[in-house]
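Colleague: Sharing a structure here in structure tokens format.
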Amino acid sequence: KSRIWLALAFSFFTFCAMLWVLLAWLASFVHERYGLSLTRSGLAATVLLQAGSAVGTIAGGFLGDRTARRIPGGRFWVAASGLLGSAPFAWIALTANSLHLVQICAAGFGLLGGLFMANLYAGAYDVISERNYGLAAGGLNLVGGFAGGSAILLTGLLKQSVGISFAIQGAAIAAVASAL
């Protein structure tokens, strides 16, 4: 019944669409665009994204907790900032003309996406009754799984006709809209 939880769930949907397109397709993009082996493509596509996510999640948790103590809805401000900031990095990562830029954008997506992820469940728990924590968490997991699977499938279907960049562009625009 919480409209704020519903907005958070929609934002999570858009974030997971971007995340899973990157996780599923960035290595293929790197392999095809830059001619690296599949092993090197996988490393180039994931190491900095995951490292950025690790740092962003810890920093996001710290910032969210600190901001929530000082500003009503503080976790949501941190989460929305992370979502808003991560979207351009996702888009550029799958359109970049240099491997170095792909990696910088993957790291930037991970770092800023971590701000969103660290505050997702804590933010949800701030706006729902304690007796509904399990339902809220399960609902968010369902939304994320559906978004990720759908985005991976849609990207695969669109890859030959309009390209991977078109799929991530749509997800990034939706993420920016949901963050705002």
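Colleague: Say we look at the range 98-139 and pick out the residues that are within 26 Å of T46 (Cα to Cα), among the small types (G, A, S) and surrounded by 24 or more Cβ atoms within 10 Å (Cβ to Cβ); which of these is nearest to the chain's Cα centre (by Cα)?
Modeller: Selected residue: G113.
Colleague: Please go through the range 78-97 and give me each residue that is surrounded by fewer than 18 Cβ atoms within 10 Å (Cβ to Cβ) and part of a helix (DSSP H, G or I), ordered by number.
Modeller: Residue satisfying the conditions is P88 alone.
Colleague: Is there any pair linking a residue in the range 124-152 that is on the phi < 0 side of the Ramachandran plot and touching a residue at least 60 places away in the same chain (Cβ under 8 Å) to one that is open to solvent by 20 Å² or more (accessible area, probe 1.4 Å) and not in a helix (DSSP H, G or I), with Cβ under 8 Å and at least six apart or on different chains, and which?
Modeller: V127/S2; I128/S2; A136/I128
Colleague: Any idea how many residues of the range 47-77 are crowded, with 24+ Cβ neighbours inside 10 Å and either basic (K, R) or in contact with a His (Cβ under 7 Å, 6 or more places away or on another chain) (or both)?
Modeller: Selection size over the range 47-77: 1.
Colleague: Which residue pairs have Cβ atoms under 7 Å apart, sit 6 or more places apart or on different chains, and have a first residue in the range 64-86 that is in contact (Cβ under 8 Å) with a residue 12 or more places away in the chain and a second that is basic (K, R) and surrounded by 19 or more Cβ atoms within 10 Å (Cβ to Cβ)?
Modeller: Cβ pairs passing all conditions: G64/R75; A68/R75.
Colleague: Take the conditions modelled with pLDDT of 95 or more and either in a helix (DSSP H, G or I) or under 19 Å from I104 (Cα atoms) (or both) and apply them to A45. Does it pass?
Modeller: no
Colleague: One residue is enough: does the range 122-143 have a residue meeting the conditions among the small types (G, A, S), closer than 18 Å to A54 by Cα and either at pLDDT 95 or above or out of contact with any Cys (no Cβ under 6 Å at 6 or more places or on another chain) (or both)?
Modeller: Yes; the residues of the range 122-143 include at least one that is among the small types (G, A, S), closer than 18 Å to A54 by Cα and either at pLDDT 95 or above or out of contact with any Cys (no Cβ under 6 Å at 6 or more places or on another chain) (or both).
The values are calculated or read from the model by the stated rules, or taken from the named source; none is laboratory data. Note that the structure is a prediction, hence the values are computed from the model and not measured. Heads up, the Cβs are rebuilt from the backbone with ideal geometry, glycines too, and the neighbour counts pull from every protein chain shown. Ligands, DNA and RNA are stripped out before the accessible areas are found, and what is left, the full protein with its side chains, is counted by its heavy atoms. Shrake-Rupley method; radii C 1.70, N 1.55, O 1.52, S 1.80 Å.
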